[in-house]
Ligand code: SAM
């Protein structure tokens with residue numbers, strides 16, 4: 001995948017892009033990331049990229065020319081494979097479903113705002129607008145890194161076993177079941193016996209049930225839109241009875 005990031009602070013990306021899985025993905029050529037500083041496209045001798053808001057008010061607003069010139073110089077607007085994303089707290093809230101869809105694209109562009117935000121007219125040059133949550137950050141750099149990370153790990157080959165992300169929380173709409181590793185007993189807390197049984201079918205059933213239990217307890221909102229199988233319905237009835245009995 002080819003990702004182009006338009007930012008005033010490319011240095012912020014250095015550590016996340018040069019560590020761990022993203023670094024390996026870049027080395028393998030699965031991920032090609034280019035950082036473009038739109039200050040390089042400033043039009044005046046002071047290299048200014050922001051200006052006072054028309055109508056008055058606090059803060060500075062990113063000017064449209066440097067960003068749009070940077071986009072025009074680096075992207076092709078009539079390419080169906082190209083997604084141009086604006087990071088903004090006003091966008092739709094990014095989730096795993098969006099990550100899955102974007103992981104299928106060949107070319108992504110991410111535009112990071114800063115200061116008070118950007119001139120409204122920039123919106124007419126983008127294909128989508130995403131927020132990473134209902135809070136306001138100082139810039140779009142951290143949101144861009146969050147999106148790059150979530151999308152990249154879904155690209156075939158970036159993570160060795162596809163199964164490891166398919167069982168993650170949200171991938172199929174539920175929260176993941178509890179995980180354990182060695183030692184078998186830690187500070188008097190034991191690993192559930194069933195996980196040591198070697199009975200694959202029973203382990204799968206236990207995991208499914210615990211995934212449903214977790215989702216019911218922590219994120220009941222997810223269950224409302226989830227398509228339960230008859231087996232899930234059965235497991236949920238068992239969970240309800242168990243929870244009642246446990247007080
Ligand atoms: N005045 C803007 C508003 O109220 O919508 C907020 C501007 S914010 C201080 C500066 C930049 O940070 C935004 O243009 C955006 O690129 C980025 N940003 C801040 N919070 C964000 C969020 N939750 N998701 C995505 N981007 C965000």
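Classified by the C-alpha gyration tensor, region 39-107 has an oblate form. Its axis ratio a/c, with a ≥ b ≥ c, is 1.5 or above, and a/b does not exceed b/c.
If R₀ is 30 angstrom, what is the calculated FRET efficiency for the pair residue 116 and residue 172, using the beta carbon separation as r and rounding to 0.05? The formula returns an efficiency of 0.15 here. Seen through its C-alpha gyration tensor, with square-root eigenvalues sorted a ≥ b ≥ c, region 1-74 comes out prolate because a/c lies at 1.5 or above while a/b is bigger than b/c. Model label points for residue 137 and residue 190, set 7 angstrom from Cα along the Cα-to-Cβ axis, are 4.4 nm apart.
Using a ≥ b ≥ c from the Cα gyration tensor of region 167-246 (square roots of the eigenvalues), is it rounded, prolate or oblate, where a/c under 1.5 gives rounded and otherwise the larger of a/b and b/c decides, a/b for prolate? Prolate is the answer for region 167-246, as a/c is 1.5 or above and a/b outweighs b/c.
May I ask for the angle, rounded to the nearest 10°, between helix 200-218 and the longest principal axis of the chain, with both axes built from Cα atoms and the value confined to 0 to 90°? Long axis of 200-218 versus the principal axis of the chain: about 60 degrees. Cα centroid separation, region 1-53 to region 71-99: 15 Å. Our helix-only sum for the chain, with -39,500 (n - 2.57) per DSSP H run of n ≥ 4 divided by its residues, gives a mean residue ellipticity at 222 nm of -10500 deg cm²/dmol. When restricted to Cα atoms, the chain yields an Rg and a Dmax of 22.9, 74 Å, respectively.
The stretch between residue 160 and residue 43, if pulled fully straight at 0.36 nm per residue, gains 37.6 nm over its current Cα-Cα span.
Only the coordinates and a few stated rules stand behind these numbers; no lab work does. Note that the coordinates shown come from a computational prediction; the quantities given were computed from them, not determined experimentally. All Cβ positions, even for glycine, are placed from backbone atoms using ideal geometry, and neighbour counts span all protein chains on display.
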